[in-house]
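Comments concern the structure below.
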Amino acid sequence: MLPDGRRPGRRPVSVAAAAAALAAAYSFQDPLWDDGYAEVATYQASRVIYGQPRAHSAAAVVVKEDMDPAQHVKWDNPGPGALSVLKLNVAAVAQTDNYPYDFFLTVFVRRDDPRKVVKLVTNTHEHCGTTFHMLKGWTDPAGLSWNSYFDGEGDGTALVPLPAGTLLEDQLPVALRALPFQAGYTEQDSIVRTFVGNRHRPIVTTPATISVVSKDGADGWKVTVRGDKLAQTYWFAAVPPHVLRKFESDDGRALTIQGEALRTKYWERPAKVKGMP
């Protein structure tokens, strides 16, 4: 039961309150994202590999790009019809007893609606081989292709329906930043489980309740995602643009931000940080 008497898992009772909450949601149309810089955050991370939690570092980059709608890649000299997207890159290297695992995720969402996935690419490699996934969100249903080095997985394709109310788990670190941050707000969605990993797993979509629980001290807004065999908690900075500060998942994955996120041109050498000479 929520403090105002409502039960978890239901939308706000008051239509007016729901409308006010949605109006107050953060918009990535904020001119901040047109400054030519990227947001870069470093995290202390953990992931279970071979049955053991493996502490490591992870980096997350969020940047606005203009995408060529024909090639669905960054358009260096954008013309009419360019699609404005947000790109999330997450890179991590986790050391095991014998060798490291490299994980990389790139997911593009529409800037005007971060709930809509345009493209996803994941790559995981270690000393035994490489596994790759690509999801084309511009088709309906989305088209998924993969290549795995494991026997029985190999090359494959599948269709992934992404109707309204369906989110990829891998896009949540961006999409949830545009939630109405008001304690007690909930919504019902379907979550497609993560594609990051060195195996190609069956595609799993589960109904889930996303809830803004509270404003939780220095970690900011606490958001829970709960579904069948899915229990995750995200913490986002209390002030816009609501940088992800912390994440915990029931499968042992975790992130905790180290210091503060920077706005930087990380592609320049040395990287230029906004506000510094």
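The values are calculated or read from the model by the stated rules, or taken from the named source; none is laboratory data. Bear in mind that the values here come from a model prediction, so they are computed numbers and not experimental data. Cβ atoms come from the backbone with ideal geometry, glycine included; neighbour counts cover every protein chain shown.
Can you list the strands (runs of 3 or more DSSP E) lying wholly within region 199-261 that have 1 or more residues being more than 18 Å from the chain's Cα centre (by Cα)? Lay out the reasoning, then the answer.
Numbers: elements: 205-215, 221-227, 230-236, 244-249, 254-257.
Where strands (runs of 3 or more DSSP E) fall fully within region 199-261 and carry at least 1 residues being more than 18 Å from the chain's Cα centre (by Cα), they are 205-215.
If I go through region 180-198 residue by residue, how many of them are under 17 Å from the mean Cα position of the chain (by Cα) and closer than 30 Å to Y99 by Cβ?
The qualifying residues number 6.
Restricting the first residue to region 108-123 and requiring it to be within 15 Å of V192 (Cα to Cα), which pairs with a second residue that is surrounded by fewer than 18 Cβ atoms within 10 Å (Cβ to Cβ) and among the hydroxyl-bearing types (S, T, Y) meet a Cβ separation below 8 Å and a spacing of at least six or different chains?
Taking only residues 6 or more apart or on different chains, the pairs are K119/T106; L120/T106; V121/T106; T122/T106.
Hey, any hits in region 195-216 for a residue that's crowded, with 16+ Cβ neighbours inside 10 Å, under 24 Å from K64 (Cα atoms) and at pLDDT 95 or above?
Yes, that holds for at least one residue.
For region 151-168, give me each residue that is outside any loop (DSSP other than H, G, I, E, B), farther than 14 Å from V192 by Cα and of a type outside the set (D, E, K, R).
Quick first cut of region 151-168, residues outside any loop (DSSP other than H, G, I, E, B) only: 155-160, 166-168.
Still in the running and farther than 14 Å from V192 by Cα: 155-157.
Matches in region 151-168: G156, T157.
Go through the residues of region 108-115 one by one and say whether even a single one is in a strand (DSSP E or B), under 15 Å from the mean Cα position of the chain (by Cα) and closer than 24 Å to S148 by Cα.
Quick first cut of region 108-115, residues in a strand (DSSP E or B) only: 108-110, 113-115.
Narrowing the set further to residues that are under 15 Å from the mean Cα position of the chain (by Cα) leaves 108-110, 113-115.
Right, trim to closer than 24 Å to S148 by Cα and you get 108.
The answer is yes, given that some residue of region 108-115 is in a strand (DSSP E or B), under 15 Å from the mean Cα position of the chain (by Cα) and closer than 24 Å to S148 by Cα.
Give me a count of the residues in region 70-104 that are surrounded by 13 or more Cβ atoms within 10 Å (Cβ to Cβ), in contact (Cβ under 8 Å) with a residue 40 or more places away in the chain and not in a strand (DSSP E or B).
The qualifying residues number 2.
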